[in-house]
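The values are calculated or read from the model by the stated rules, or taken from the named source; none is laboratory data. A quick note: this is a predicted structure, and the numbers were derived from the prediction, not measured. For neighbour counting, all protein chains shown are included, and Cβ atoms are generated from backbone atoms with ideal geometry for every residue, glycine included. When the accessible area is computed, the model is the full protein with side chains, heavy atoms only, and any ligands, DNA or RNA have been set aside. Shrake-Rupley method; radii C 1.70, N 1.55, O 1.52, S 1.80 Å.
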Amino acid sequence: TEVMGKLNMKDWIGQTILNKKVISIPIMTHPGIELIGKTVHDAVTNGQVHYEAIKALCDKYPSAAATVIMDLTVEAEAFGAEIVFPENEVPSVSGRLLADEAAIETLEIPALNKGRIAQYLKANMLTAKNITDRPVLAGCIGPYSLAGRLYDMSEIMMLIYINPEAANTLLRKCTDFIIRYCMALKATGVNGVVMAEPAGLLSNEDCLQYSSVFVKEIVEKVQDDHFTVVLHNCGNTGNCTQAMVYTGAAAYHFGNKINMEEALKEVPADALAMGNLDPVSLFKMLSPEEMKKATLQLLEATSAYPNFVLSSGCDIPPYTPLANINAFYTALEEFNETRN
């Protein structure tokens, strides 16, 4: 399936679905940062450290794809939002960049040399260059989530009702920037992008209008046989799976708030459905025995769906016990031995 040395993701997805064995792609970088003795702050500000953390995990675990850290502040920072950088936690947006509707009008779409964009492009480029035995998935934020980080999450929910026109202007600008960023990520040689769009508080109709319509546009611009968009919505409790599928992404990633079996019923059979073991209450808090049991339960529950990919519901947090990650992979191995 190699074309000019580049993995054909369409074929890769097809083979994953045909394969009797289940593959796993946990969204996981933090344990890698700990393995190389660095802090989260090091990794999110330095592309080289970020890459080394991903590499350490790829050397240690049989994940079917490498994923970069899920950092939902990179794009907001490029727009000018103020970011708080704790030493050992993911950064967060502080305050509101856009104080009112007038600020939306004057907001400029940033160039790709702003904030930490260059460090993230570097991390992706190094990973794509050095990890060639499996697909590499970059990360980005979704348009609605970016708008919420610039305008405030509860305020954007109000805005779509009070002034849909202003909301659409903001979403338009966010979408244009994400397309530009995804094109740059694609140029690094990675095989796809996990787009985090946790718009779960919206109804299916609102999710469609204020998220999926824009996501679909991004998908149509960047997704092809060699580059896959994985749409992640950890807020979805089942209320907006249809809106997610409308986007035409080749893969969907679900958080732990949803029943995975129910989600699988709504995902097209030729698209991957990934999820959804709780990163905190399971991966971080359980004993290894309980972790293994929870993993086997999910594998059993989803066994009728060949397009299911075992994953965490979201990014696996700092200080997750390695014994629990081992238990996750042991459960998968045991389950797959029964699937010949």
So who's got an amide H within less than 5 Å of the one on TYR252, skipping anything under 5 residues away but keeping other chains? H placed 1.01 Å off N, in plane.
LEU231, LEU272, ALA273, MET274
Please report how far the C-alpha centroid of the stretch 300-316 lies from that of the stretch 137-214, rounded to the nearest whole angstrom.
25 Å
Here the stretch 262-272 yields Karplus 3J(HN,Hα) values (6.51, -1.76, 1.60; θ = phi - 60°; whole Hz; Gly and Pro given as x) of 5, 4, 4, 5, 9, 8, x, 5, 9, 10, 7
GluC sites (Glu not before Pro) restricted to DSSP loop in the stretch 62-95 with at most 12 other C-beta within 10 Å
GLU87
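For the chain, give the percent of accessible area contributed by carbon and sulfur heavy atoms, probe 1.4 Å, rounded to a whole number.
The value for the chain is 53 percent carbon and sulfur by accessible area.
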For the stretch 220-340, what is the accessible area per residue in Å², given a 1.4 Å probe and the full set of protein chains?
40 Å²
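Enter the accessible area per residue of the stretch 79-174 (Å², integer; probe 1.4 Å; all protein chains in place).
On a per-residue basis, 46 Å².
Could you tally the net charge around ILE13, taking each other residue with its Cβ under 11 Å from the Cβ of ILE13, Lys/Arg +1 and Asp/Glu -1?
Charge balance near ILE13 sits at -2.
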Given the rule -39500 (n - 2.57) for each run of at least 4 DSSP H residues, summed and divided by the residues of the chain, what is its mean residue ellipticity at 222 nm, to the nearest 500 deg cm²/dmol?
-14000 deg cm²/dmol
How much accessible surface area, in Å² rounded to 10, belongs to the heavy atoms of MET153 with a 1.4 Å probe?
80 Å²
Residues meeting the amide H criterion for ILE83 (H placed from the backbone, H to H distance under 5 Å, 5 or more places apart or on another chain) are SER94
Could you list, in their original order, any pairs among LYS55/LYS257; LYS55/LYS293; LYS173/LYS221; LYS122/LYS292; LYS21/LYS292 whose Cα atoms are separated by more than 25 Å?
LYS55/LYS257; LYS55/LYS293; LYS122/LYS292
